[in-house]
1. With +1 on each Lys and Arg Cβ and -1 on each Asp and Glu Cβ, and nothing else charged, work out how big the dipole of the chain is about its Cα centre, in Debye to the nearest 20.
2. Taking the chain as a Gaussian network, Cα atoms linked when under 10 Å apart, which of Ala114, Ala309, Ala381 shows the biggest mean-square fluctuation?
3. Would you list, by chain and number, the lysines whose Cα falls below 25 Å from the Cα of Lys388, excluding same-chain residues fewer than 8 positions away?
4. Can you tell me what percent of all Cα-Cα pairs in region 253-335 are more than 18 Å apart?
5. With +1 on the Cβ of every Lys and Arg and -1 on the Cβ of every Asp and Glu, and nothing else charged, how large is the dipole of region 294-384 about its Cα centre, in debye rounded to the nearest 20?
6. Do the sum for the chain: with -39,500 (n - 2.57) for every DSSP H run of n ≥ 4, divided by all residues, what is the mean residue ellipticity at 222 nm, to the nearest 500 deg cm²/dmol?
7. Along the charge dipole of the chain, which of Tyr281, Ala359, Leu391 sits closest to the positive end, that is, farthest toward it, with unit charges on the beta carbon of Lys, Arg, Asp and Glu (+1, +1, -1, -1)?
8. Ordered by residue, what ³J(HN,Hα) values in Hz, to whole numbers, does region 67-73 give under the Karplus form 6.51 cos²θ - 1.76 cosθ + 1.60, where θ = phi - 60° and Gly and Pro are x?
Amino acid sequence: MQYSPAEIMQYIREEDVKFIRLAFCDVYGRQKNISIMPHEVERAFAHGIAFDASAIAGFGGEIRSDLFLHPDPSTIAVLPWRPEHGRVVRMFCDISYPDGSSFEADTRAILKRAAAGAEREGYRFFFGSELEFYLFNRDESGAPTREPYDHAGYMDIAPEDRGENVRREICLTLEQMGILPESSHHEEGPGQNEIDFRYSDPLSAADNTVTFRAVVNTIAARSGLCADFSPKPLPDCPGNGMHVNISAKGGSGDPLPHLIAGILGRVSEMTVFLNPSPDSYARLGIGKAPRYITWSGENRSQLIRVPAATGEYRRAELRSPDPLCNPYLAFALLIEAGMEGIRERAELPTAADRNLFLAPPETLSGYQLLPGTLEEAAQAALSSGFVKNCLPASVIESYCRR
């Protein structure tokens with residue numbers, strides 16, 4: 001909902017809020033925050049709250065360490081796991097230099113600009129994420145192990161599925177924070193779970209993804225467990241994916257085919273931002289994770305599939321990203337690639353209506369591969385004019401020259 005700063009300050013006074021977390025992400029999408037007291041909120045809205053950015057990944061060094069956080073009042077949410085008396089709330093923030101100019105490595109601002117650019121051309125984008133994660137036991141000292149919490153399989157039920165109550169608490173907590181999960185279930189791997197979200201505007205969808213990861217980690221820890229979002233936690237088990245559902249409204253005719261064509265045309269160049277760790281590439285091509293740049297209808301062996309849905313639920317599902325990606329960058333690049341396809345009325349290649357996991361080598365040789373390593377993906381981004389037009393040089397350097 002849209003709130004004014006005055007309404008936020010009134011809420012803080014009336015609801016016994018004692019701590020306000022100003023949240024933001026580093027360039028890799030890891031959430032950070034500073035807590036301020038209620039008497040500092042007016043200053044935060046008027047001038048911003050300064051912080052030392054020199055130790056934040058991708059934010060530069062000591063020579064430009066002073067940056068300011070400006071809370072977005074529309075993102076206020078109570079943290080339900082904190083005490084009711086002396087409540088704690090959280091707001092996501094925009095980041096600026098001391099002179100008020102936008103900080104170029106603020107990935108949330110990058111997504112806002114991409115969505116606003118699409119709207120100026122008459123198109124609104126919508127995103128919904130499906131995130132997978134493992135639950136592992138902790139040892140006697142509380143350190144994470146690689147021992148799965150259960151050994152259930154896909155969509156199993158209790159008692160084999162021991163994660164049922166953890167997922168329930170996660171979903172109820174998200175609901176209390178104003179985020180509506182669509183469904184949840186046990187995934188294929190031992191101790192692996194998935195929770196899916198209803199579609200929303202790009203910025204809300206990215207904020208919700210960051211919030212989701214924080215909630216899962218918190219609830220898992222409160223349950224004596226460790227949540228793991230890494231793309232390949234167990235070498236011989238399915239990896240964790242973050243399937244991204246994307247749709248657009250606007251213009252004349254159906255923009256979805258052109259949107260998909262635009263993404264297919266640029267996906268190799270943006271892969272380093274969708275799959276940002278070396279282990280990301282151990283996941284791709286294994287199980288249901290895609291390896292080839294293809295699309296089809298309901299076929300889950302493809303990079304992009306168009307699920308069996310109609311009306312407002314008609315969408316494309318991109319299956320390559322993993323949960324360690326920065327959702328602000330991922331969604332911004334998908335909007336830019338989708339808009340390029342829409343603008344140029346790009347034509348879709350022929351649908352790959354076959355199971356690529358069982359296809360013979362002579363069939364597979366006709367399809368282009370996604371980058372096979374982090375180094376290949378980084379090189380594709382570095383040589384891409386598209387990426388250079390979409391992202392500031394400092395963000396590209398952070399991902400491609402590590």
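Every number here is computed from the coordinates shown, using simple stated rules; none is lab data. What you see is a predicted model, and the numbers here were worked out from it, not measured in a lab. We place every Cβ from the backbone using ideal geometry, glycine too, and count neighbours over all the protein chains shown.
1. Numbers: 40 positive and 55 negative charges, 98 e Å.
The dipole of the chain has a size of about 480 debye.
2. Ala309
3. Correct list for Lys388: Lys112.
4. 42 percent
5. Roughly 260 debye, rounded to the nearest 20.
6. On the way: 12 runs with 133 residues, N = 402.
The helix contribution divided over the chain gives -10000 deg cm²/dmol.
7. Positive-most Cα among the choices belongs to Leu391.
8. Along region 67-73, the couplings run 10, 10, 9, 10, x, 9, x Hz.
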